[in-house]
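> Please find one structure pasted underneath; my questions will follow.
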Amino acid sequence: MTTPTPQGTISLQTIAMPADTNWNGDIFGGWLVSQMDLAGAVAARRRAHGRITTIAIDSMVFHQPVKIGDVVSCYTEIERVGNTSMKIRITAWETADPCNVPRKLTEGLFTYVAIDEAGRPRAVPADTCPT
């Protein structure tokens, strides 16, 4: 059996701090969702070559609690690009100790839409830099 490892591009890395805990002493799930949304936004903005907005969290699964001091690394993979939208799979891993196997914390599928300066949907350009 192979050990799962992070896939995709690292789009955000941060440390879980005491101010982010819930009543159980673990990191609040909303904080983790927020970090994942930021990571997805980084990937979506790069792919859309401009402004984007989150329109949906299509699925979300929490696998393990996040503890104070955990290094949370969010990896992104673009699963689908439509006319104006992008579906991005985001996985969060605990990666504090390079001598230990990364621990999968959560995963989700988020949808982002490319928007223009007025906030209206716009086409996602080809996967090359616009001239």
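> Would you grab the residues whose amide H sits under 5 Å from the one on GLU79? Only those 5+ places off in sequence or on another chain, please, with H modelled 1.01 Å from N.
So GLU79 has HN proximity to LYS87, ILE88, ARG89.
> Show me the trypsin sites (Lys or Arg not before Pro) within segment 61-106 that DSSP assigns to loop and that have at most 16 other Cβ atoms within 10 Å of their Cβ.
Numbers: sites: LYS67, ARG80, LYS87, ARG89, ARG103, LYS104; in loops: LYS67.
Those that pass, being in a loop and sparsely packed, are LYS67.
> Okay, moving on. Specify whether the C-alpha gyration tensor of segment 9-114 places it in the rounded, prolate or oblate class, a ≥ b ≥ c being the square roots of the eigenvalues: rounded for a/c under 1.5, otherwise prolate if a/b is larger than b/c and oblate if not.
Values: a/c = 2.24, a/b = 1.81, b/c = 1.23.
Note, shape of segment 9-114 comes out prolate.
> From a point 7 Å beyond the Cα of ILE68 in the direction of its Cβ, which residues of segment 23-42 have a backbone N at a distance under 19 Å?
From segment 23-42, the list is 23-32.
> Roughly how many nanometres apart are two label points built 7 Å out from the Cα toward the Cβ at ILE55 and THR14?
Roughly 2.5 nm, to one decimal.
> A further question on this structure: Using alpha carbons only, how many angstrom separate the centre of segment 76-116 from the centre of segment 1-18?
What the calculation gives is 10 Å, centre to centre.
> If amide hydrogens are placed 1.01 Å from N in the peptide plane, which non-local residues have theirs closer than 5 Å to the one on ILE55?
THR111, TYR112, VAL113
> May I ask you to list the chymotrypsin sites (Phe, Trp or Tyr not before Pro) in segment 21-52 that are in a DSSP loop and have at most 10 other Cβ atoms within 10 Å of their Cβ?
Working: sites: TRP23, PHE28, TRP31; in loops: TRP23, PHE28.
Listed in order of number, the matching sites are TRP23.
> Do the sum for the chain: with -39,500 (n - 2.57) for every DSSP H run of n ≥ 4, divided by all residues, what is the mean residue ellipticity at 222 nm, to the nearest 500 deg cm²/dmol? Each step should come with its number before you reach the end.
Details: 1 runs with 20 residues, N = 131.
Value at 222 nm, helices only, nearest 500: -5500 deg cm²/dmol.
No value in this document is a laboratory result; all are computed from the given coordinates. No experiment lies behind these values; they were computed from the predicted model shown. Neighbour counts are summed over all protein chains in view; Cβ atoms, including those assigned to glycine, are modelled from backbone coordinates with ideal geometry.
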